[in-house]
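Peer 1: Encoded as structure tokens, here's the structure I'll be asking about.
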Amino acid sequence: MRPVHILILLLVLIIIFGASKLPDIARNIGKSAKVLKSELSDLSEDSSNKQVAAEPQNPQIPAAPPASSPGAASPTSSKTTNQQTAIAHPPETT
């Protein structure tokens, strides 16, 4: 805006609102701008915090158990084999 436009705008404001109310109007506009700025900064902080919380944490992948040789049986595998055998072939009763 050119300086002439600003002067015309001020003149129109003085005519519409009166010279006594202009300082109050300017003060209220300044307070509103300050509140708006603080709310926008709070909103941006909240959205950045939500984005950080929404990102999944990289879980620790447990190490794989050591591979056993084909001939060796682990204690858990023999237990499973015995249970499977018992289910497949129930003990004979006479």
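The values are calculated or read from the model by the stated rules, or taken from the named source; none is laboratory data. All figures in this text were calculated on a predicted structure; none of them were measured in a lab. Methodologically, a virtual Cβ is constructed for each residue, glycine included, from the backbone with ideal geometry; neighbour enumeration extends over all protein chains shown. Ligands, DNA and RNA are excluded from the accessible area calculation, which covers all protein heavy atoms including side chains. Shrake-Rupley method; radii C 1.70, N 1.55, O 1.52, S 1.80 Å.
Peer 1: Being acidic (Asp, Glu), modelled with pLDDT of 90 or more and either at negative phi or open to solvent by 100 Å² or more (accessible area, probe 1.4 Å) (or both) is the requirement here; does Glu55 meet it? If you could, list the steps in order and put the result at the bottom.
Peer 2: Values: acidic (Asp, Glu): yes; modelled with pLDDT of 90 or more: no; either at negative phi or open to solvent by 100 Å² or more (accessible area, probe 1.4 Å) (or both): yes.
No, not satisfied.
Peer 1: Considering only residues that are part of a helix (DSSP H, G or I) and exposed (fewer than 10 other Cβ atoms within 10 Å of the Cβ), which ones fall in the range 13-29? Break it down into steps so the answer makes sense when it comes.
Peer 2: Filtering the range 13-29 for residues part of a helix (DSSP H, G or I) gives 13-17, 22-29.
Correct list: Ile15, Ile16, Pro23.
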